[in-house]
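Undergrad: First the structure, then my questions, so here it is.
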Amino acid sequence: MRNYICVTCGVQYESSIQVPDQCVICNEERQYVNKNGQSWLTLETMIKENYYNNILFEEKGLHSITTYPAFGIGQTAYLVQCDGFNLLWDCISFIDEKTLNKIRELGGLNAIALSHPHYYSTQVEWAEAFDVPIYIHEDDKEWVMRQSDKIIFWSGESHELHDGLVIHRLGGHFKGGAVLEWKGGNEQKGILLTGDIIQVAADNQWVSFMYSYPNLIPLPAAKVQEIANVVSELTFDRIYNAFHRAVKKDAKMAVQKSAKRYVDALNGLLFNT
């Protein structure tokens with residue numbers, strides 16, 4: 001019995017004797033099956049193939065964790081250290097003893113929270129290694145491919161994990177899509193960790209919003225405006241996304257002007273055609 005991991009999206013499945021027939025996450029319009037076909041491996045195989053995690057100090061109370069060579073979607077996870085409470089925001093597939101030891105040196109983990117299903121990866125392995133709960137919005141319950149009693153399905157529009165550390169459901173990319181508001185980060189100016197529920201653009205003074213990034217399916221204008229309205233009430237001046245991009249300052253303004261540009265584009269107001 002093995003817990004197989006989809007090579008394309010990096011999500012780990014329930015233990016089985018044979019490889020799964022298909023990846024439910026990839027066989028859906030927001031993701032895709034690799035052009036070479038569905039393929040699988042295991043965590044044990046990744047360890048033998050010399051994958052490793054690079055853990056970088058980003059700023060006070062924040063470290064990024066990224067796997068090399070790039071695997072699956074290639075996202076970055078973040079270790080948030082908030083007044084003695086350590087949270088892993090989003091997850092990556094690769095985990096080994098060297099990674100565990102480094103995180104233990106940084107104080108270990110108290111909880112794991114996820115923005116959306118594309119980053120569930122090997123979340124159960126992480127939760128079991130540190131004996132901590134996993135927080136997932138109940139609207140995305142159907143996308144959990146490996147069940148665990150570590151998983152807590154939270155409900156409603158927000159959930160406070162710790163004083164000043166709050167998950168907010170924004171929806172959009174996924175119905176339960178969430179962002180993390182860290183009010184005390186960035187010298188009390190606040191940090192918003194967004195996965196790709198809000199995506200930092202190549203011009204990092206702007207962000208964007210999509211139903212599917214690889215398949216270029218936009219969100220409706222009304223949903224983008226709704227997201228912007230919710231975010232306008234949160235405390236942050238900086239954004240980190242899931243791909244090591246950041247809006248370093250005036251991030252709240254960046255979301256609002258980006259939402260307006262997005263809505264104007266969908267309504268045909270940016271074009272002279």
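Undergrad: Considering only residues that are in a loop (DSSP other than H, G, I, E, B), open to solvent by 10 Å² or more (accessible area, probe 1.4 Å) and of a type in the set (Gly, Ala, Ser), look in the stretch 188-241 and name the one that is farthest from residue 268 (Cα to Cα).
TA: Result: 232.
Undergrad: Identify all residues within the stretch 126-157 that are of a type outside the set (Val, Ile, Thr), open to solvent by 20 Å² or more (accessible area, probe 1.4 Å) and closer than 23 Å to residue 84 by Cα; write none if there are none.
TA: Correct list: 128, 129, 130, 131, 133, 135, 150.
Undergrad: Oh, and also: Where the second residue is among the acidic types (Asp, Glu) and the first is within 17 Å of residue 28 (Cα to Cα) and lies in the stretch 168-181, which pairs have Cβ atoms under 6 Å and are six or more apart or on separate chains?
TA: From the stretch 168-181, the pairs are 174/140; 175/139; 176/139; 176/140.
Undergrad: Within the stretch 78-112, can you find the residues that are in contact with a Pro (Cβ under 9 Å, 6 or more places away or on another chain) and among the hydrophobic types (A, V, I, L, M, F, W, C)?
TA: If the condition is that a residue be in contact with a Pro (Cβ under 9 Å, 6 or more places away or on another chain) and among the hydrophobic types (A, V, I, L, M, F, W, C), then 111, 112 are the ones that fit.
Undergrad: Let me ask another. Restricting attention to the stretch 158-172, and to residues there that are touching a His at 6+ places or on another chain (Cβ under 6 Å) and open to solvent by less than 60 Å² (accessible area, probe 1.4 Å), which single residue is farthest from residue 128 (Cα to Cα)?
TA: 169
Undergrad: Would you check which residues across the stretch 242-262 are over 21 Å from the mean Cα position of the chain (by Cα) and surrounded by 20 or more Cβ atoms within 10 Å (Cβ to Cβ) and list them?
TA: 262 - this is the single residue of the stretch 242-262 that is over 21 Å from the mean Cα position of the chain (by Cα) and surrounded by 20 or more Cβ atoms within 10 Å (Cβ to Cβ).
Undergrad: Using the structure shown, decide if residue 189 is over 17 Å from residue 253 (Cβ atoms), free of Cβ contacts under 8 Å to residues at least 60 places away in the same chain and charged (D, E, K, R).
TA: Answer is no for this residue.
Undergrad: Now, a different point. Across the stretch 1-16, which residue is most open to solvent (accessible area, probe 1.4 Å) among those that are more than 22 Å from residue 35 (Cβ to Cβ) and part of a strand (DSSP E or B)?
TA: Here the answer is 2.
Undergrad: Among the numbered criteria (1) without any contact (Cβ under 8 Å) to a residue 60 or more places away in the chain; (2) among the aliphatic types (A, V, I, L, M); (3) assigned to a loop (DSSP other than H, G, I, E, B); (4) open to solvent by less than 20 Å² (accessible area, probe 1.4 Å), which one does residue 46 miss?
TA: The number of the failed condition is (3).
Undergrad: Between a residue in the stretch 26-40 that is farther than 12 Å from residue 9 by Cα and any residue that is surrounded by fewer than 15 Cβ atoms within 10 Å (Cβ to Cβ) and of a type outside the set (Ser, Thr, Tyr), which pairs come within a Cβ distance under 9 Å, given they are 6 or more apart or on different chains?
TA: Every condition considered, the pairs that remain are 29/215; 29/217.
Undergrad: Looking at the stretch 4-23, I want the residues that are more than 18 Å from residue 95 (Cβ to Cβ) and β-branched (Val, Ile, Thr) and have a partner that is open to solvent by 10 Å² or more (accessible area, probe 1.4 Å) and not in a loop (DSSP other than H, G, I, E, B) with Cβ atoms under 7 Å, at least 6 apart or on another chain. Which pairs are those?
TA: Final answer for the pair search is 19/4; 19/40.
Undergrad: Still on this structure, please answer the following. Please find, within the stretch 91-125, the residue that is surrounded by the most Cβ atoms within 10 Å (Cβ to Cβ) out of those that are of a type in the set (Asp, Glu) and touching a Leu at 6+ places or on another chain (Cβ under 9 Å).
TA: Going through the qualifying residues, I end up with 125.
Undergrad: Which ranges mark the strands (runs of 3 or more DSSP E) fully within the stretch 50-90 that have 1 or more residues being β-branched (Val, Ile, Thr), at pLDDT 95 or above and crowded, with 18+ Cβ neighbours inside 10 Å?
TA: Those strands (runs of 3 or more DSSP E) span 62-68, 77-82.
The values are calculated or read from the model by the stated rules, or taken from the named source; none is laboratory data. All values reported here derive from a predicted model rather than from experimental measurement. Glycine also receives a Cβ, built like all others from the backbone with ideal geometry; neighbour counts cover every protein chain displayed. We work out accessible area using only protein heavy atoms, side chains counted, and drop any ligands, DNA or RNA first. Shrake-Rupley method; radii C 1.70, N 1.55, O 1.52, S 1.80 Å.
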